[in-house]
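What follows is one structure encoded as structure tokens, with my remarks underneath.
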Amino acid sequence: MTREPSVQLRGKRILIILHGSIGDVTRALPLVNRLREACPDCKITWSIEPPSLPLVENHPAVDEVIVFDRVRWRRSLFPFLGKVRSGGFDLVLDLQRILKSGLISRWSGAPRRLGFHRLDSKEGNWLFNNLHIDAVGDGISKLSHYLKFADFLGVPASPIEWKVRWSSREEEIASQRLESVGERFAVFFLGARWESKRWFPYEAALSAREVHDRYGLSIVVLGGEGDIQLVREMEGYGLVPLANFVGVNSLRESIAMLARARVAVGPDTGLMHLSAAVGTPVVSLWGATDPARTGPWGSEGLLLRGKADCSPCYRKTCPIGRVCMQSIAVEAIIGKVGEALAGGR
């Protein structure tokens, strides 16, 4: 039986604004699932940008997407704003907390626009919303912070679920590409949008060799086009055979591979959160950012924090050579992989 929220949402048109990274969008999926469970007849629309679109397009809790192509913004801006304004939204959930999302929220014309507290927002975002969740600071995980929106609306709590989907064709492509890999494999990923979070190719190669030799796992490497050079360097050391799909897979093809992996290993990036979303244990490596805020759900016991006086610094580039990431020992990584495998994956 569907549970009733204390704030009546039935039949309402809800706009979620989150154009952020793949990791942020992944962490917001439990919120939209909770809304859908409480309000099956709501129309839920998500305003998003192309990189994260595959996560919400055809998602069972999302009825419609409105895409803003930031790269081609001159051509896409006015059609995008037109769709936002014509949506007739009753409620906006502004999950982005920056000026851009605040402007979109206000432009929607929705009478109720719920955003972050002034102390937790940026760039004057709070001025464009007329309802705000309580201030919590950065000591709470982003996933839990997003769920505060449901708490504010009186939506009953429910189990954390992502319901990430990929098509049968994407599953078939992933299967074909993995034919030579076998069923027992680990996924490695090295890159991140921030230079300060990236893993070193040599340390990744050493770790991959040990995972292969000690645990008998093949090594699959995933990532986007921006990670190609990092992985070429990793391959160049010749320490272990790699099944390299970096820059080859679509996002959902990579998700299909993550769902089959015994374990995933890599830094704070979208693939880390997607691993958690499909139930694959992930050994995560931390330096510039704080796992208390952005750690992967369900794999909290498998994280490794680098040591440096400045960590976490939240700087996109590092002036001292990523000392924190350098301090994470290969042997510590292999130990965590062993723990993940002992869990029965």
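Yes or no, residue by residue, for (1) touching a residue at least 24 places away in the same chain (Cβ under 8 Å); (2) surrounded by fewer than 18 Cβ atoms within 10 Å (Cβ to Cβ):
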{"residue": "242", "(1), (2)": "yes, no"}
{"residue": "260", "(1), (2)": "yes, no"}
{"residue": "287", "(1), (2)": "yes, no"}
{"residue": "291", "(1), (2)": "no, no"}
{"residue": "313", "(1), (2)": "yes, yes"}
{"residue": "318", "(1), (2)": "yes, no"}
{"residue": "330", "(1), (2)": "yes, yes"}
{"residue": "338", "(1), (2)": "yes, yes"}
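Might you let me know whether segment 104-115 holds any residue that is farther than 23 Å from residue 12 by Cβ and in contact with a helix residue (DSSP H, G or I) (Cβ under 7 Å, 6 or more places away or on another chain)? So that I can check it myself, show each step before the final result.
First pass over segment 104-115, keeping only residues farther than 23 Å from residue 12 by Cβ: none.
No, segment 104-115 contains no residue that is farther than 23 Å from residue 12 by Cβ and in contact with a helix residue (DSSP H, G or I) (Cβ under 7 Å, 6 or more places away or on another chain).
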Among the helices (runs of 4 or more DSSP H) lying completely within segment 8-90, list those that include at least 2 residues that are within 17 Å of residue 270 (Cβ to Cβ). 22-38, 53-56
So, of the residues in segment 106-159 that are touching a Leu at 6+ places or on another chain (Cβ under 8 Å) and of a type in the set (Val, Ile, Thr), which turns out to be farthest from residue 33 (Cα to Cα)? 133
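Those residues that are of a type outside the set (Asp, Glu), in a helix (DSSP H, G or I) and buried (at least 16 other Cβ atoms within 10 Å of the Cβ), I need them from segment 104-126; list them, please.
Hits for segment 104-126 are 104, 105, 106, 125, 126.
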If a residue counts only when it is within 19 Å of residue 206 (Cβ to Cβ) and not assigned by TED's automatic domain parsing to the domain that holds residue 26, which helices (runs of 4 or more DSSP H) contained entirely in segment 279-345 have at least 2 such residues? 323-326, 330-342
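The values are calculated or read from the model by the stated rules, or taken from the named source; none is laboratory data. Model, not experiment: these values are computed from the prediction. Because the Cβ atoms are built from the backbone with ideal geometry, glycine has one as well, and the counts that use them run over all protein chains shown.
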